[in-house]
1. Just checking, which of L108, L69 is in contact with a Pro (Cβ under 7 Å, 6 or more places away or on another chain), aliphatic (A, V, I, L, M), crowded, with 19+ Cβ neighbours inside 10 Å and under 23 Å from P4 (Cβ atoms)?
2. Return the only residue of P62, P132 being at pLDDT 95 or above, out of contact with any strand residue (DSSP E or B) (no Cβ under 6 Å at 6 or more places or on another chain), of a type outside the set (D, E) and surrounded by 14 or more Cβ atoms within 10 Å (Cβ to Cβ).
3. Given the conditions (1) without any contact (Cβ under 8 Å) to a residue 24 or more places away in the chain; (2) out of contact with any Pro (no Cβ under 7 Å at 6 or more places or on another chain), which single one is not true for R26?
4. Does any residue of the stretch 168-179 turn out to be within 27 Å of R26 (Cα to Cα), at pLDDT 95 or above, among the polar types (S, T, N, Q) and in a helix (DSSP H, G or I)?
5. Which one of these is touching a helix residue (DSSP H, G or I) at 6+ places or on another chain (Cβ under 6 Å), assigned to a helix (DSSP H, G or I) and basic (K, R): R32, R75?
6. Please identify the pairs in which a residue from the stretch 53-70 that is without any contact (Cβ under 8 Å) to a residue 12 or more places away in the chain has its Cβ atom under 7 Å from the Cβ atom of a residue that is crowded, with 17+ Cβ neighbours inside 10 Å and part of a loop (DSSP other than H, G, I, E, B), counting only partners at least 6 apart or on another chain.
7. Can you find, within the stretch 127-173, the residue that is farthest from the chain's Cα centre (by Cα) among those that are aromatic (F, W, Y) and closer than 19 Å to S53 by Cβ?
8. Only one of S100, S128 is hydroxyl-bearing (S, T, Y), more than 17 Å from Y67 (Cβ to Cβ) and out of contact with any Phe, Trp or Tyr (no Cβ under 8 Å at 6 or more places or on another chain); which?
Amino acid sequence: MLRPLATIVAAILLSRPELAPEEASRWAAVVRSEARARGFDPLSLVALVHTESGWNPAAVSPSAEDYGLGQVRARFVGACKHDADPLNDPSAECRAVKESLLDPEQNLRVVAQLITDNRKLCLEKTKSAALPRWLASYQGLNFPKQKRWCVPGEKTWKVVKYRELLLREAQKPKPPAKR
């Protein structure tokens, strides 16, 4: 879904008002480009990042597993996938992946790829790539041993509700520009 860049910037700034508008614009451009190329609503990614990190690009989870804006679990990305112990004994290549996940634009691109991958997985496993399904998968709510896939949890609904707030905000009339 195509949304105006200004709508995405406003959504990011609603989440983190103290963010410099230039930074929000740069990140919004990446979000918009990735969402357009991959066929998902950019406000879904904005809501996901709001819930994961509050738009803090330096965020690292307490477990030191999840990095950046989208709190991407490094062990499932790039060279870290091949390390025996990417948490306690990461290779130099895995350390480079972790560092790259702290770059906001790169993190957003990885999140967009993960959204695409999770949509595909949920469609394959449940015949649905609906927002709550792929969000649940992104959040790690797949249980292969129990053959449970893409089952939304409490955090999933938090993202969905925040996205609904963003949609309502985007539909509000904008005040006329000051001269």
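The values are calculated or read from the model by the stated rules, or taken from the named source; none is laboratory data. What you see is a predicted model, and the numbers here were worked out from it, not measured in a lab. A quick note on method: Cβ atoms are made from the backbone with ideal geometry, for glycine too, and the neighbour counts reach across all protein chains shown.
1. Details: L108 fails: in contact with a Pro (Cβ under 7 Å, 6 or more places away or on another chain).
Criteria check complete, one pass: L69.
2. Working: P62 fails: surrounded by 14 or more Cβ atoms within 10 Å (Cβ to Cβ).
Exactly one of P62, P132 is at pLDDT 95 or above, out of contact with any strand residue (DSSP E or B) (no Cβ under 6 Å at 6 or more places or on another chain), of a type outside the set (D, E) and surrounded by 14 or more Cβ atoms within 10 Å (Cβ to Cβ), namely P132.
3. (1)
4. no
5. Numbers: R75 fails: touching a helix residue (DSSP H, G or I) at 6+ places or on another chain (Cβ under 6 Å).
Matching residue, one of R32, R75: R32.
6. S61/Q71
7. Step one: filter the stretch 127-173 for residues aromatic (F, W, Y), giving 134, 138, 143, 149, 157, 162.
Subsequent filtering for residues that are closer than 19 Å to S53 by Cβ retains 134, 138, 157, 162.
On the way: W134: 11, Y138: 8, W157: 15, Y162: 13 Å.
Applying the filter and picking the extreme gives W157.
8. Values: S100 fails: more than 17 Å from Y67 (Cβ to Cβ).
The unique qualifying residue is S128.
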